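The values are calculated or read from the model by the stated rules, or taken from the named source; none is laboratory data. The shown structure was predicted, so the numbers you read here are calculated from the model rather than taken from an experiment. Cβ placement follows ideal geometry from the backbone for every residue including glycine, while neighbour counts extend to all protein chains displayed.
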Amino acid sequence: MKTSKAFLLLMILSALIFAQGAGAQTIKVGFVDSEIILKQLPESQKVIADLDGLKKLYIDTIQNKEKELKANAESFKAKYEEAQKKVESGQIKTEAEMKTLNEEIQGLQKALQEQDDALTIYKQKVQEELVQKQNELFKPIKEKITKAIENVAKEQKINFVFDKADGTLIYGDKEYDITFKVLDKLK
């Protein structure tokens with residue numbers, strides 16, 4: 001993924017250099033490192049602290065659920081071994097007793113599997129909630145950063161600004177947007 005972004009960035013820069021060599025007007029390209037910007041903003045640091053607190057709550061809950069699952073698994077193992085000993089020692093004499101024991105073991109196994117499945121679902125849900133919360137909390141900060149980048153780019157007459165952290169285009173001068181020309185060619 002990172003290689004394709006680097007390739008895309010290289011292709012854009014190559015095109016810009018070629019355009020300049022072909023007598024086109026001068027194009028200015030700039031870049032920022034959004035990770036550095038995010039780390040420096042106080043509101044970003046607060047969001048990170050809030051997210052860390054939320055993560056800790058989730059991790060504590062998950063650890064408690066995992067301990068409970070482990071205890072139940074150990075209890076199941078002990079009951080299973082006890083049932084095996086009863087069968088081997090001949091304490092279980094009738095088909096009805098064997099059927100009852102089998103149903104009990106299967107019921108415990110099913111409950112353990114359901115608990116494990118519920119924990120897996122909970123972990124996935126937590127992961128999704130954390131990503132959603134992170135996006136929600138960072139959205140106004142990222143919008144503020146993007147607006148500041150656009151303002152600086154316009155002030156310094158920079159046509160394109162890329163993010164060094166992930167290679168994405170953050171700002172592009174509308175004069176160079178050929179989206180609708182491409183659509184017209186495709187029609």
Looking only at the stretch 161-182, count every residue that is touching a residue at least 40 places away in the same chain (Cβ under 8 Å), among the hydroxyl-bearing types (Ser, Thr, Tyr) and not in a helix (DSSP H, G or I) and tell me the total. 1
Taking Asp163 as meeting all but one of (1) modelled with pLDDT of 95 or more; (2) in contact with a helix residue (DSSP H, G or I) (Cβ under 6 Å, 6 or more places away or on another chain), write down the number of the exception. (1)
If you scan the stretch 49-74, which residues turn out to be loosely packed, with under 14 Cβ neighbours inside 10 Å and either β-branched (Val, Ile, Thr) or on the phi > 0 side of the Ramachandran plot (or both)? Ile59, Thr61
Extreme residue, farthest from Leu108 (Cα to Cα), among residues of the stretch 38-77 that are among the aliphatic types (A, V, I, L, M) and in contact (Cβ under 8 Å) with a residue 12 or more places away in the chain: Leu41
State the number of residues belonging to the stretch 78-101 that are surrounded by 13 or more Cβ atoms within 10 Å (Cβ to Cβ) and β-branched (Val, Ile, Thr). 2
With the checklist (1) in a helix (DSSP H, G or I); (2) under 30 Å from the mean Cα position of the chain (by Cα) in hand, flag the one item Lys185 doesn't pass. (2)
If you check Ile158, Ile149, Ile141, Ile145, which single one turns out to be modelled with pLDDT of 90 or more, part of a loop (DSSP other than H, G, I, E, B) and either within 30 Å of the chain's Cα centre (by Cα) or surrounded by 15 or more Cβ atoms within 10 Å (Cβ to Cβ) (or both)? Ile158
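Please specify each residue of the stretch 166-187 satisfying the condition of being out of contact with any helix residue (DSSP H, G or I) (no Cβ under 6 Å at 6 or more places or on another chain), among the aliphatic types (A, V, I, L, M) and closer than 23 Å to Glu35 by Cα. Please lay out each step first, then the result.
Taking the stretch 166-187 first, the residues out of contact with any helix residue (DSSP H, G or I) (no Cβ under 6 Å at 6 or more places or on another chain) are 166, 168-169, 172-187.
Filter once more, keeping what is among the aliphatic types (A, V, I, L, M): 169, 178, 182-183, 186.
Once the filter is applied, which keeps residues that are out of contact with any helix residue (DSSP H, G or I) (no Cβ under 6 Å at 6 or more places or on another chain), among the aliphatic types (A, V, I, L, M) and closer than 23 Å to Glu35 by Cα, the stretch 166-187 yields only Leu169.
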Starting from the stretch 115-133, keep only residues that are over 15 Å from Asp50 (Cβ atoms), then list their pairs with residues that are in a helix (DSSP H, G or I) and among the charged types (D, E, K, R) whose Cβ atoms are within a distance under 7 Å, requiring at least 6 positions of separation or different chains. Leu119/Lys65; Leu119/Glu66; Tyr122/Lys65
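Residues checked against (1) within 30 Å of Gln124 (Cα to Cα); (2) out of contact with any Leu (no Cβ under 7 Å at 6 or more places or on another chain); (3) modelled with pLDDT of 90 or more; (4) of a type in the set (S, T, N, Q):
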position	(1), (2), (3), (4)
Ala71	yes, yes, yes, no
Phe76	yes, no, yes, no
Glu88	no, yes, no, no
Lys93	no, yes, no, no
